[in-house]
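Here the structure is laid out as structure tokens; the discussion comes afterwards.
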Amino acid sequence: MRDSHGAATSAAPGLPVEVDPSTPEVDLVIVGGGPRAVATVARLAARLRPEEPFGAPAPSGDPALRVAIIDAVQVGAGATWRTDQHPLLLNNTYSAQTTAHADASTDQDGPLVPGPDLVQWAATCSHAPTQRYLGIGPERPAWLGAELAALRPESYPTRRLQGVYYRDQLAEAARRGGIEVWHIEGTATDIAVAGAEPATRAHETPGRTGTSTVGGRRLVRLTGAHRVAVDGPRGHRAPITPSRSPRSAPPWWSWPRA
């Protein structure tokens, strides 16, 4: 696999890995690489290793799962929280109310592995803002130190700062869960069904490398914008998807299924 600049990505635990041509398909393809994709990988890690705390080292042996995340802008941050945007673009939620992790208030039935919210993450990063998070996170932007120092629980963080947070949480969850994550910056252009399994192949277009095909046993669509239709007399909203489409997770997705 190659990133948006055509360079092969690192194979270090928790970081994007280079696609192994001998691997015919991944276990899961996620289309849409924003915070809901991050939360999905975190939930997978919690189910795979429920007894391991946040920050635990990677398990030994082969990956427990292989997951490909496709995003047109930036895997982990998505378009809204991309880390190269202007600092005047702010989140509309307090810093202390921002987290990528499930807790006791979350409507889900899986195991809970507590993780840092945005403020707690910033506190652990502020002493060394140029170093990779836990030694595995993505490279840090030059502006990070100043924004970490200015962050307060009651402040509205910049969207780009929140994007750095989400990307770091993705790296940690992948390592802790023993999940091999393929970061693919491109656009999913087509989905084909092979055999009895729905949505087993996704096509993507990385920035400078042409079009390639990613095979997966399952596909989840976690894009931020959905076309919806009114279904039934109560006006139930349902994604407009073709017959035998991939499972789609709209904004009102029931998290107990995660």
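Determine which single condition Pro16 fails, assuming it passes every other condition in (1) modelled with pLDDT of 90 or more; (2) buried (at least 19 other Cβ atoms within 10 Å of the Cβ).
Condition (1) is where Pro16 drops out.
Take the conditions open to solvent by less than 60 Å² (accessible area, probe 1.4 Å) and either modelled with pLDDT of 50 or more or part of a strand (DSSP E or B) (or both) and apply them to Ala192. Does it pass?
yes
Out of curiosity, is Glu180 under 26 Å from Ala46 (Cβ atoms), modelled with pLDDT of 90 or more, touching a strand residue (DSSP E or B) at 6+ places or on another chain (Cβ under 7 Å) and not hydrophobic (A, V, I, L, M, F, W, C)?
So Glu180 fits the description; yes.
I'm told Ala79 meets every condition in (1) among the aliphatic types (A, V, I, L, M); (2) assigned to a loop (DSSP other than H, G, I, E, B); (3) open to solvent by 70 Å² or more (accessible area, probe 1.4 Å) except one. Can you identify the failing condition by its number?
Result: Ala79 passes all but (3).
Filter the range 84-133 for residues that are within 15 Å of Glu172 (Cα to Cα), within 19 Å of the chain's Cα centre (by Cα) and open to solvent by 80 Å² or more (accessible area, probe 1.4 Å) and give the result.
Across the range 84-133, the qualifying residues are Pro114, Arg132.
Return a yes/no flag: does the range 147-166 have any residue that is of a type in the set (Ser, Thr, Tyr) and free of Cβ contacts under 8 Å to residues at least 60 places away in the same chain.
Within the range 147-166, not a single residue is of a type in the set (Ser, Thr, Tyr) and free of Cβ contacts under 8 Å to residues at least 60 places away in the same chain.
I'd like to know if the range 53-69 contains one or more residues that are of a type in the set (Asp, Glu) and open to solvent by 30 Å² or more (accessible area, probe 1.4 Å).
Yes, the range 53-69 contains a residue that is of a type in the set (Asp, Glu) and open to solvent by 30 Å² or more (accessible area, probe 1.4 Å).
The values are calculated or read from the model by the stated rules, or taken from the named source; none is laboratory data. A quick note: this is a predicted structure, and the numbers were derived from the prediction, not measured. All Cβ positions, even for glycine, are placed from backbone atoms using ideal geometry, and neighbour counts span all protein chains on display. Heads up: the accessible areas ignore ligands, DNA and RNA and are worked out on the full protein's heavy atoms, side chains in. Shrake-Rupley method; radii C 1.70, N 1.55, O 1.52, S 1.80 Å.
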